Structure formats: structure tokens, C-alpha cells
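These notes concern the structure reproduced below.
What follows is calculated from the coordinates using simple rules that are stated; it is not laboratory data. Computed from a predicted model, the values in this text were never measured in an experiment. Glycine also receives a Cβ, built like all others from the backbone with ideal geometry; neighbour counts cover every protein chain displayed.
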Amino acid sequence: MTITSVGQAVTGAELRRAMGHWATGISVITTQSEGTLAGLVSNSFTSVSLEPALVSWAVDKRSSSFDVWNTTDNFAVHILSESDRELVQRFVAKGTEKFAGLAWEPGVLGSPIVAAEVPRIECRLWQRVDAGDHVILIGEAVSVSDPESFRPLTNHVYWGK
């Protein structure tokens, strides 16, 4: 076990390895802004507040779709199930047309809905917060779907931790 002493900066790689032990769900987050579709895989998704109903997630400023995320006013969070593994590979890929050949429909605010039988939260952007090399997007939930049966895909299931 490596221990970083006080006063010594923790590297991003060290933090990533440590956080890899924290079991989190895997989500695909989508948006459509001015006719441009964007989607990515996120495990930073979390609830923030019940009154009002707020959720958040963080997008890397180096993301190829950052400009879309930095201008959109809405997004849809798809909480993936174990049977949705193929969506992870599709939306984690860089430099590809992630929506090519994928059936989707616009949600209540226009964000692409790509997985019908998963918990889904559609949000209106509430606030953006600058956070180092990421921007945190906070959204107010305007629509929620909650399937009767669901087995979540977690980072430990997907990556075999």
C-alpha cells in the first residue's frame, strides 16, 4: 500500500486508483444542443437535493464534446443496468459518432433517450460550477422513469474489481 504523506500532492492517477474501489453506478448522460448530440459515460452522477429535486455530475474540460455540455440547458441521465453494457463501449469511445445506428427518441426537453428500461432522470440545467479540470453540471429533475425490475451496472461489475 502506498501512502502519500501530508504536504505531498496526491496525483490524479493515485486518486483514480483509490476511487476505483468505491462502488458506483455507471450512467450514460445525453444532451442535444442547437442540433448537436452529445453523450458520455459518467460515474460522478449523484443526487444533490430533494427540495428542489437536484442531481449533479462532472464533465472533463478536455472532453471532445465539452463545448456542447458547456452550452446545453438540459440533459438526460440513464442509470445503466447490467444488460446495457454495450452502451458503455459506445459512449466511452472517443472520436466516434456515438449515436450512429442507435435508436433514440427526444425526451421532454429534447435530450436523446437511448435506453428505455432503465431509471432515467431528465433535467433542466440549474447551475454550472467550475471544479479544477472538470465542470459540475447541476440539474433540476423534470421527469423520472422508474422501471419495476432493475439490476444496476456498477464499476465493480463492469471493470471486474
Scaled to the compact-protein estimate 2.2 N^0.38 Å, what is the alpha-carbon radius of gyration of the range 82-161, rounded to two decimal places? 1.26
Relative contact order (%) - criterion: Cα under 8 Å, at least six apart; region: the chain: 28
For the chain, what ratio Rg/Rh do Cα atoms give with a Kirkwood hydrodynamic radius? 0.97
With at most 12 other Cβ atoms within 10 Å, longest stretch of the chain clear of loop GluC sites (Glu not before Pro) (DSSP): 35-96
Roughly speaking, what is the stretch gain from Q89 to D133, that is 0.36 nm per residue apart minus the C-alpha to C-alpha distance, in nm to one decimal? 13.5 nm
